[in-house]
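The values are calculated or read from the model by the stated rules, or taken from the named source; none is laboratory data. For clarity, every value in this text was computed on a predicted model and none was experimentally measured. Methodologically, a virtual Cβ is constructed for each residue, glycine included, from the backbone with ideal geometry; neighbour enumeration extends over all protein chains shown.
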Amino acid sequence: MVALVLWTVFRTLPASDKAIGVNALDGYAEETKSAMDNWNGWVGCKIFVSGDDVVIKSDDGDPCGDPWRPEDEWDHAATAYRCPNGSSEILISNPGNVNTQACIISHELGHILGRQHARVGAMANCLADEQNRLSVRDEDVAALKKEFCE
Ligand SMILES: [Zn+2]
């Protein structure tokens, strides 16, 4: 267990040439960092870094463009939008506890990465009980590893 913790703390992930910059506003820094760390760890290189490609903030009712999420999205607590200038924004419309919020931001970042819904994990419904939120499908990892890390 100690070895696992030390390995996790000191492991340095290689940066992706195509890394996407994320900027959290309105007090969402901690849950956003957790969400970025989730994806970077799952895929094995730094997909998400600090920057301005994706802005995460409270829902101000004025999205920059069309949603990334499918039209049939379930009851959602946040939505990712594609802005006309090529950037994206994630608007948080129903803040929850920090762990749920980290899952929700992970989920929306997944949509920005082109990932679809899954039965379990971060691409499932973060508001559902009794599910493992700290995983994504192997096929998602494989596709993103190829796109971002190789
Ligand atoms: Zn979704």
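So, in the stretch 90-119, of the ones that are surrounded by 15 or more Cβ atoms within 10 Å (Cβ to Cβ) and among the β-branched types (V, I, T), which residue ends up nearest to the chain's Cα centre (by Cα)? Outline the logic, then answer.
Taking the stretch 90-119 first, the residues surrounded by 15 or more Cβ atoms within 10 Å (Cβ to Cβ) are 90-92, 95-96, 100-113, 115, 117-118.
Keeping just the survivors that are among the β-branched types (V, I, T) gives 90, 92, 100, 104-105, 112.
Numbers: I90: 10, I92: 13, T100: 12, I104: 7, I105: 5, I112: 8 Å.
Taking the candidates together, the pick is I105.
Considering every residue within the stretch 140-149, establish whether at least one is within 16 Å of the ligand (Cβ to nearest atom) and either farther than 24 Å from G21 by Cβ or of a type in the set (S, T, Y) (or both).
no
For A15, indicate whether it is modelled with pLDDT under 95 and either touching an Asp or Glu at 6+ places or on another chain (Cβ under 8 Å) or surrounded by 14 or more Cβ atoms within 10 Å (Cβ to Cβ) (or both).
yes
Does the stretch 25-39 hold any residues that are surrounded by fewer than 21 Cβ atoms within 10 Å (Cβ to Cβ) and in contact (Cβ under 8 Å) with a residue 12 or more places away in the chain, and which are they?
Selection gives L25, D26, E30, S34.
Give just the number: which of (1) within 15 Å of the ligand (Cβ to nearest atom); (2) assigned to a loop (DSSP other than H, G, I, E, B); (3) free of Cβ contacts under 8 Å to residues at least 24 places away in the same chain does Y81 not satisfy?
Among (1) within 15 Å of the ligand (Cβ to nearest atom); (2) assigned to a loop (DSSP other than H, G, I, E, B); (3) free of Cβ contacts under 8 Å to residues at least 24 places away in the same chain, the lone unmet condition for Y81 is (2).
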